[in-house]
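Below: the structure, in structure tokens.
The values are calculated or read from the model by the stated rules, or taken from the named source; none is laboratory data. The structure displayed is predicted, hence computed values, not measured ones. Ideal geometry is used to build each Cβ from the backbone, glycine not excepted, and the neighbour counts take in all protein chains shown.
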Amino acid sequence: MTPLRTTLAIFAAVAVAAACTTTGGAPAPQPTAAAASSAQTSPPPGSSAPSATPVASASIVPSASAAGTPSVSLTEWKVIVDGTIRPGKTKLTIHDIGVAAHELLVFKSKLAPSAFPTDKSGDILEDGPGVKLLSDGENIDPGATQTRTIDLAPGTYFLVCNIPGHFKQGMFTKVTVAP
């Protein structure tokens, strides 16, 4: 882990600890690393879901200056892409920098996330109409890292955490892979 990432991880841990000292149970979900306690893997009952717009959007294009392996960071309720995802086979390094387990699924779809097929709980139907699941891996525990090779043609993709409640909380990002 780079010194910057170590510093960010420590900052996130301190922020989570501060957020967990509120009275009345677990803190309300917010789009920050301090949004959930370590035991929480879905939004608390009665919470309202944010609008189905990406938390972050990245336009990923090949670049001669981009070096190394692209990385994806997963935290409460964000998917953050750092680096270049090139057309063809690309090795991703996926970090769970949050306080709960997360997963990374890669979908190809022409639909807006608000139109993705979902079950009654708001989780994506991974084999539903209008979405094509291209990559799925094991769940990633907090602080853990996973590497995966994906093979993408130029186009629009969605990187999603579909652990129950996470997509509904806005944990996805749109990525455009350019030729």
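I need the full set of residues from the stretch 139-170 which are outside any loop (DSSP other than H, G, I, E, B) and among the polar types (S, T, N, Q), in order please. Break it down stepwise before answering.
Just the residues of the stretch 139-170 that are outside any loop (DSSP other than H, G, I, E, B), to begin with: 140, 145-152, 155-160.
Listed by number, the residues that qualify are Thr145, Gln146, Thr147, Thr149, Thr156.
Only residues that are small (Gly, Ala, Ser) and either at pLDDT below 95 or buried (at least 21 other Cβ atoms within 10 Å of the Cβ) (or both) were counted in the stretch 89-107, giving 2. Please determine whether any residue of the stretch 141-148 is within 15 Å of Pro70 (Cα to Cα), without any contact (Cβ under 8 Å) to a residue 60 or more places away in the chain and aliphatic (A, V, I, L, M). No. The residues in the stretch 138-160 that are under 22 Å from Thr176 (Cβ atoms) and either loosely packed, with under 13 Cβ neighbours inside 10 Å or not hydrophobic (A, V, I, L, M, F, W, C) (or both) can be counted, and the count is 8.
Would you call Lys174 surrounded by 14 or more Cβ atoms within 10 Å (Cβ to Cβ), touching a residue at least 40 places away in the same chain (Cβ under 8 Å), of a type in the set (D, E, K, R) and part of a loop (DSSP other than H, G, I, E, B)? No. Annotation note: Cβ proximity below 7 Å between a residue of the stretch 106-134 that is more than 19 Å from Val177 (Cβ to Cβ) and outside any loop (DSSP other than H, G, I, E, B) and a residue that is among the small types (Gly, Ala, Ser) and at pLDDT below 95 (sequence gap 6+ or interchain) occurs for Ser114/Ala52.
Conditions tested, residue by residue: (1) modelled with pLDDT of 95 or more; (2) touching a helix residue (DSSP H, G or I) at 6+ places or on another chain (Cβ under 7 Å); (3) among the charged types (D, E, K, R).
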site: Lys132; (1), (2), (3): yes, no, yes
site: Asp141; (1), (2), (3): yes, no, yes
site: Phe158; (1), (2), (3): yes, yes, no
site: Gln169; (1), (2), (3): yes, no, no
